[in-house]
Structures are given as structure tokens and as C-alpha cells.
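Some notes on the structure that comes next.
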Amino acid sequence: MKPILYRIAPAHLAGHLFRVQIHIHKPLPQGQRLSLPTWIPGSYLVRDFSRHVQQLSANSHGRPLRIQKIDNHSWQIEPCARSIDIEYWVYAWDLSVRAAHVDETHAFFNGSSVFLQVDGQEQLPCLVDIQPPSGTTARQWQVYTSLPEASKHPQGAQRHGFGMYQAPNYDALIDHPVEMGRPAVVSFTAHGALHEMVFTGLMPNVDLERIARDAQRICEYQIALFEPKTKKAPFLDSSDRYVFMTMVTGSDYGGLEHRASTALMASRSDLPVLGDDSLSDGYLQFLGLVSHEYFHTWNVKRIKPQVFAPYRLQQATPTSLLWIFEGFTSYYDDAVLYRCGLINQERYLQLLSKTITSVQNTPGRLKQSVAESSFDAWTKYYKQDENSPNSIISYYTKGALVALSLDLIIRQASGNTRSLDDVMRLLWKVYGRRFYTRKPDLGLQEEDILGLFLRATGVDISQALSDFVYGTVELPLKKLCKRHGFALTTQATPTPSLHVKTRNSQGQCQLAVVYDNGAAQQGGLSAGDTLVAIDNIRVDAQNLPTLLQRYRVGDRVRVHVFRRDELRQFSVRLKSEYSTYRIEPLSDKPW
Ligand code: ZN
């Protein structure tokens with residue numbers, strides 16, 4: 001069978017448009033359907049990427065064909081016996097890791113935003129002709145992607161060049177984002193495998209060599225964690241290199257994992273500057289992101305929940321297992337920074353303490369289990385509102401603490417001869433490694449978990465699962481830490497508090513969140529209220545903490561607020577601020 005041929009060009013930079021063409025050699029006889037994914041794997045929200053598709057047309061050897069839109073993201077072309085050509089434009093002005101973005105400085109796309117699927121032919125190999133924009137500004141642009149070059153094709157691209165690239169099927173085609181432009185680039189090898197780091201955006205004097213050195217340690221550690229003997233990088237089943245593609249801006253943060261690459265957003269100020277060897281919190285956060293997305297190369301891109309094997313991109317696909325795929329990944333991202341020597345134990349314990357503080361101060365942890373949080377990601381975690389902290393818990397942070405708890409439980413029960421690492425290696429062996437041999441996807445099912453833990457470690461975690469994963473029982477972190485030579489302590493700050501989260505609304509102090517059973521809620525305040533005065537002194541966007549310092553816990557204050565346009569008065573009894581948690585070693589004994 002001849003491959004599906006795609007051609008894409010950033011054809012109108014000022015209008016932020018890609019032009020896409022598809023040549024379908026053999027359309028289905030009943031009339032070919034085309035569709036675009038409604039969501040992108042790794043980001044669990046229906047985004048309707050099709051809203052950016054415009055001017056779709058089809059012809060067969062010059063004869064125009066009728067097209068009918070049959071639902072929000074599918075098109076039906078009239079039956080046609082000969083090959084057909086499709087053309088359309090995609091508006092690309094979403095500066096995020098999830099969609100596509102074009103201007104005169106660069107072009108970036110995820111295949112799920114730009115490439116229509118040829119329904120019923122999604123298993124055919126794909127060729128992609130990536131074309132440069134016209135005009136002089138883009139003359140020196142290059143192409144960065146983990147998509148392999150079509151080296152045997154006459155128009156096969158050279159490394160970093162425009163021309164023909166290839167994918168074995170549609171699923172692979174849309175899992176290799178592409179960056180074009182003149183980014184800053186640094187590369188390294190990890191256990192012999194090539195890694196490229198590509199940075200787009202202004203970032204004067206960034207120490208690229210240092211970033212590469214640090215990322216190399218992270219990658220080598222993770223490769224050896226999963227493949228202690230062979231040290232084989234996981235992405236070699238899909239590409240001969242791994243690409244970190246980072247968009248650098250003033251204040252963004254985030255990442256999205258792919259099979260042989262990741263798209264990241266980083267804040268300029270988080271990247272290290274030449275000549276400054278300190279490890280800032282911002283740079284630590286960036287390294288944590290690198291570690292997190294790279295860990296996904298195993299955990300979610302290859303070891304995946306059964307409902308993602310294969311992905312069904314036409315509808316929301318909930319899974320109750322994100323506590324493993326995001327939670328365990330969040331546990332390992334920082335743990336790897338410590339284990340590979342980039343941070344010391346004290347710095348690592350600070351990161352863990354921060355996660356514990358965040359989970360323990362979220363009232364929703366007592367109402368929603370991490371399994372429920374995982375399943376409801378599409379409608380709750382990804383659609384947060386003022387009630388979210390009171391009703392949901394993050395499968396990232398709570399999932400990371402579940403991983404920590406399970407790790408400590410296994411280490412204790414096995415006399416420190418087994419750990420969560422053994423579980424990860426078994427998951428890799430059963431569900432991940434099969435990608436090298438092109439066996440069909442096999443996904444993890446909930447009912448397999450208990451047996452896998454038992455097989456990998458000899459430890460029965462059924463009670464822990466029902467309490468901490470399917471239930472909302474408080475994690476026994478204090479006890480577990482103590483048994484491993486650490487003290488988990490809480491410190492209540494003496495400062496009185498309203499127990500609210502505020503935001504600056506045009507210079508005024510508006511309540512964004514009113515925490516359950518906190519001082520403000522018990523006094524009658526609601527999210528959305530604008531604070532006017534406390535004991536008749538004006539509250540502005542900044543001065544609330546200073547005003548509250550005049551009081552003691554237990555004092556009653558008179559609070560004036562505007563609820564909509566109505567002035568209301570409440571009497572609020574101040575409570576103590578929520579506690580912060582700290583883990584410290586009981587002795588000098590290492591972990
Ligand atoms: Zn993640």
C-alpha cells in the first residue's frame with residue numbers, strides 16, 4: 001500500500017497559518033472520511049482542535065469534490081474512485097505545548113492540531129513533506145523534531161533540513177511535534193543515545209552547556225533505572241534521537257510528553273546564566289520538569305493504561321490510573337534529581353515537604369480519592385473553579401505521596417531489599433519493552449496492579465490501595481518517615497488567618513478561594529467577594545497580610561465586603577494559619 005502523503009508549510013506567518021495538503025492514494029470506496037483529534041494525549045481535556053481548521057477543499061485530478069461536515073471534528077468526502085487531494089489551512093496562534101504556533105520568528109506544531117486522520121487508513125505509513133515558509137526572514141530556518149527523516153525517499157530531509165519525514169502510522173505521526181526556526185541548540189549523548197535540547201525565544205547569556213550537563217545526568221540515571229543491564233534508551237523504537245523542545249517566555253511553565261521528545265515552556269529567569277553556578281529554585285523547577293517529562297517516555301508513553309492502548313482521540317477517555325502515570329512520575333522527577341547528585345538530601349527533603357504541605361492543606365483530599373481524581377481529570381482537575389480546592393485532590397501531588405508511601409512500605413516490608421523501582425522495572429518489562437518488537441499495545445488494567453506489586457516485591461499492598469488510592473484515609477507519612485530514620489513535623493504559624501486565597505482584581509482584593517471550615521467561611525464570606533475593610537481600615541490588593549498581623553488568633557474582626565454591588569458586613573473569628581510540614585533526618589544516616 002502506498003503511504004498517505006502529508007505536506008505542511010508555515011505559509012502565512014503574519015496571519016499565523018499553516019497550509020496543509022494530503023494526498024490519499026486510495027480513498028475508501030464508500031466515500032473517504034477525515035477527522036481531527038479532539039484532545040492531545042497527556043493533556044486530559046477535550047479541546048476541539050478542529051475549530052482552527054479553515055477553507056477545507058478536496059479534488060480528484062482537478063475535479064472538485066463535495067465535502068460535508070458530519071460532526072464537530074469529521075468531514076465526509078463524496079465517493080471517488082481515483083486518488084484525492086485535500087487542502088486546508090490551520091490557524092496557529094496558541095503559545096502552549098498543546099497546539100500550534102506560527103509567527104515570523106518560528107513555527108511549532110503538534111500533529112494532533114494540523115494533520116487530519118484519513119479514517120480507516122490510519123495504520124498506513126505516512127510521509128510528511130515539511131516545507132519552509134517563503135520570503136527572506138525564514139531562509140535560515142531549520143527543522144527540529146524526533147520524527148525520522150525519510151532517508152530512502154528522493155526528497156528525504158537531511159538532518160535538521162526541510163523535506164520528507166516519515167512515520168509508520170497516524171498514531172506515530174501525531175506524536176512527534178515539530179519546531180522550525182533558528183533556536184539555540186545543544187546536544188549530548190546519554191548511554192550512547194543522542195539527545196538534543198532546542199530553545200526558542202529570547203534568552204541572553206543562558207548557560208546551555210550547564211543545562212546539557214545536568215540533563216545528561218538525569219537521562220542517564222533514568223535509563224539505568226529501567227534498563228540496568230543494557231542501558232538502552234526507551235525511544236530507540238521510534239527515533240534515533242530524543243528532543244527537548246523548549247519555548248522560553250517571560251513567565252510560562254509546563255510540559256507535554258511524547259514518545260521521543262517533549263515540548264516544554266520555561267520562564268527565562270528560571271534558566272541558568274553564564275558565570276552563575278548557584279542552583280536557583282527556578283532552575284531546580286526546570287530540571288524537575290525535564291526529569292518529569294523524560295520519565296514519561298517509559299511511564300505513560302509505553303507503559304500505559306489499557307484505555308490508551310490505542311488512544312481514542314475522538315472522545316474523552318477517562319482512566320482511574322493517572323495516580324500512577326502522573327503521580328509516580330511526579331515522585332520520581334524530584335527523587336531522580338537527588339539520586340543522580342544534582343541536589344543534596346536537604347534540598348530534596350525541602351521539595352518533599354512542600355508537596356506534603358500542599359496536599360495536607362487541601363480540604364478536597366478528604367472528599368475525593370486519587371483514583372476518582374484520575375477518572376474525573378477531564379471534568380474536574382482540568383476545569384478547576386473556586387470550589388476545586390475544597391472538593392478535589394491533585395493526582396500529581398497526592399499521587400506522588402502515595403508513591404512515596406508505597407516505596408517506604410515496600411522497603412520496610414522487604415528489609416530494604418525491594419523498592420518501588422522494582423515495580424517500575426516490572427511494569428516496563430511487561431508493558432513497555434514490547435514496543436521494540438512491534439507487538440500490539442498492551443495496557444495496564446486496574447485489576448493487574450496488586451499482582452504486579454506482589455510479583456515485583458513480594459509485598460501485599462491491598463490495604464494500602466483500598467485506604468490511600470481508593471479511599472481518603474490520611475497517608476501514614478509520619479509513621480513511615482520515623483521508621484526510615486526521618487522526622488515529619490508540623491509547624492503552625494502564629495499569624496492569624498482568614499483561610500482564603502485572594503487575587504488582585506483591578507487593584508482590589510478579591511477572594512478567589514474560601515477554604516472549607518476556615519475562618520472566612522465560618523464568618524459567612526464567599527468566593528468572589530471583594531474585601532473592602534477590616535475593622536474599618538481599607539483593604540487593597542496587597543495589604544491584607546499586614547493588616548492581619550495586628551491581631552491574634554481567636555480575635556474577632558468586622559469585615560466589609562462587596563458581594564456583587566452590595567455592601568455586606570460580617571464578623572469573623574481569626575484562626576491560626578495552616579501548618580507547614582518539614583521532614584528532617586533523625587540522624588546522619590543516609591536514606
Ligand atoms: Zn506528567
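Here are the numbers for the structure shown:
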item	result
Phi to ³J(HN,Hα) by Karplus 6.51 cos²θ - 1.76 cosθ + 1.60 over region 158-165, Hz, x for Gly, Pro	7, 3, 6, x, 7, x, 8, 10
Reciprocal of mean inverse Cα separation for region 86-219 (Kirkwood radius, Å)	16.3
Ascending count of other beta-carbon atoms within 10 Å, so fewest first, for TYR6, TYR44, TYR578	TYR578, TYR44, TYR6
Quarter of the Cα convex hull surface for region 271-319, i.e. its orientation-mean projected area (nm²)	5.1
Cleavage-rule hits (GluC sites (Glu not before Pro)) in region 371-460: DSSP loop, at most 16 neighbouring Cβ within 10 angstrom	GLU386
Cα-based Rg of the chain normalised by 2.2 N^0.38 Å, two decimals	1.06
Kirkwood hydrodynamic radius (C-alpha pairs) into Stokes-Einstein, region 441-569, 25 °C and 0.890 mPa s, D in µm²/s	131
Amide H contacts under 5 Å for ASP129, placed H, 5+ residues apart	TYR6, ARG7, ILE8, TYR165
At most 12 other Cβ within 10 Å, DSSP loop - trypsin sites (Lys or Arg not before Pro), region 52-126	ARG66, ARG82
Residue-by-residue Karplus 3J(HN,Hα) for region 186-202, coefficients 6.51, -1.76, 1.60, Hz, glycine and proline x	9, 9, 7, 10, 10, 6, x, 9, 6, 10, 10, 10, 10, 10, 10, x, 6
14 Å cut-off, amide nitrogen to a point 7 angstrom out along SER96 Cα→Cβ, residues in region 34-49	38-49
Length released on extending from SER526 to GLN55, taking residue separation times 0.36 nm less the Cα-Cα span	164.9 nm
Table column - 3J(HN,Hα) (Hz), region 524-531, Karplus curve with 6.51, -1.76, 1.60, x for Gly and Pro	x, 6, 10, 4, x, 5, 9, 5
Exposure proxy order (Cβ contacts within 10 Å, fewest to most) of SER353, SER579, SER251, SER35	SER251, SER579, SER353, SER35
ASN205 versus ASN361: modelled label distance in nm, points set 7 Å from Cα along the beta carbon direction	3.4
Whole-angstrom Cα spans of region 269-368 along principal axes, big to small	49, 33, 25
Calculated FRET value between LYS354 and ARG312, using beta carbons and R₀ = 35 Å, to 0.05	0.45
Cα-based convex hull volume of region 303-414 per residue, rounded to whole Å³	133
Viscosity 1.567 mPa s, temperature 4 °C, Stokes-Einstein D of region 208-277 from Kirkwood C-alpha radius, µm²/s	94
Global size of region 445-511 as Cα Rg and Dmax, reported in angstrom	20.4, 58
Debye, to nearest 20: dipole size of region 475-591, +1 on Lys, Arg Cβ, -1 on Asp, Glu Cβ	400
Neighbourhood net charge (11 Å Cβ-Cβ; Lys/Arg +1, Asp/Glu -1) for ILE583	+2
Placed amide H near GLY254: partners under 5 Å, 5+ positions off or other chain	MET265
Pairwise FRET efficiency - ALA541 versus LYS69, Cβ, R0 = 56 Å, nearest 0.05	0.75
Lys, Arg +1 and Asp, Glu -1 on Cβ, resulting dipole of region 186-247 about Cα centre, debye, nearest 20	180
Residues TRP39, TRP323, TRP428, TRP378 arranged by fewest to most Cβ contacts within 10 Å	TRP378, TRP428, TRP39, TRP323
Equivalent ellipsoid dimensions for region 505-550 as semi-axes, Å, which come from the Cα gyration tensor, largest first	17, 13, 9
Rounded to the nearest 20 debye, dipole of region 339-478 from Cβ charges on Lys, Arg, Asp, Glu	580
Global form of region 1-146, assessed from the alpha-carbon gyration tensor, a/c cut-off 1.5	prolate
The chain: angle of helix 329-339 to the longest principal axis, Cα-based, in degrees nearest 10	80
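No value in this document is a laboratory result; all are computed from the given coordinates. This one's a predicted model, so the numbers in the text were calculated from it and none came from an experiment. Virtual Cβ from ideal backbone geometry, glycine too; neighbours counted across all protein chains shown.
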